[in-house]
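So the structure is just underneath, and the comments pick up after that.
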Amino acid sequence: AKLEAARRDALAESGDQSGLQAVLAAKQRLAVLSSMPPVEAPSGLGVQLRAYQLEGLSWLQTLREANLAGILADDMGLGKTAQALAHLLTEKLAGRLDKPALVVLPTSLVFNWKREAENVAPALSVLALHGPQRDFSAIPKHDVVLTTYPLVWRDAEQLKQHSYHLLILDEAQTVKNAASKAAATVRELDA
């Protein structure tokens, strides 16, 4: 709080009103996180979400409301994919999923995501950009687009021709090296 006050005072003294406005806007967006309202699972969801999964869905919806990026970091096997799909289905049912969501994941998880989407959120249309025959022209026709970390930088030019409702990085530690080609590519995507 002291650092924020000092920064606000310094910006006010320098006459940089745009910087002051940016600080105040960021503070308002972050304040939303202190009161995370519960949400209900979307209709048409093919699984019953547990309490902690509903809390994860609430977290994702709160981040969306505040226009913030975030991390969903449950332990392995606790249904992060189902929570992400519930979030995407909620977005679709609310009319906000006007562009596809891009999911970048390890190659070994492509079929898991496809199968999970079929079971958990069958109302979402999924395109897997995997293998030698990748149809980039089909991207706008789908709700969810899957690609892999090895392909995201190879297909960067085709992927950058589209904008995305949001970007999901499954196993995001894959891009923790900011100098890697995959990390550079995901930062350049319009999501």
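The values are calculated or read from the model by the stated rules, or taken from the named source; none is laboratory data. Note that the coordinates shown come from a computational prediction; the quantities given were computed from them, not determined experimentally. Cβ: placed from backbone, ideal geometry, glycine included. Neighbour counts: every protein chain shown. SASA here: full protein model, heavy atoms, side chains in, ligands and nucleic acids out. Shrake-Rupley method; radii C 1.70, N 1.55, O 1.52, S 1.80 Å.
General remarks:
- In the chain, a dipole from Cβ-located charges (positive for Lys and Arg, negative for Asp and Glu) runs towards its positive end, and of Q48, N67, G19 it is G19 whose Cα lies farthest in that direction.
- With DNA, RNA and ligands ignored, accessible area of L169 (1.4 Å probe; Å², nearest 10): 60 Å²
- Start at zero, step by 10 Å, and the Cα-Cα distances of the stretch 74-159 spread as 17, 51, 29, 3 percent across the bins.
- Projected over every direction and averaged, the convex hull enclosing the alpha-carbon atoms of the chain yields 12.8 nm².
- Solvent-accessible surface of protein heavy atoms, probed at 1.4 angstrom with all chains present, puts S180, S18 in the order S18, S180, largest first.
- R0 of 35 Å, Cβ-Cβ distance A22-Q48: FRET efficiency to nearest 0.05: 0.25
- Simple spin-label estimate for Q158 and S125 in nanometres, 7 Å along Cα-Cβ: 1.8 nm
- For the chain: lysine pairs under 29 Å (alpha-carbon distance), excluding those fewer than 8 apart on one chain: 28
- Computed from point charges on the beta carbon alone (+1 for Lys and Arg, -1 for Asp and Glu), the dipole magnitude for the chain about its Cα centre is near 160 Debye.
- Two-site label geometry, R115 and A66: point separation in nm, points 7 Å out along Cα→Cβ: 3.6 nm
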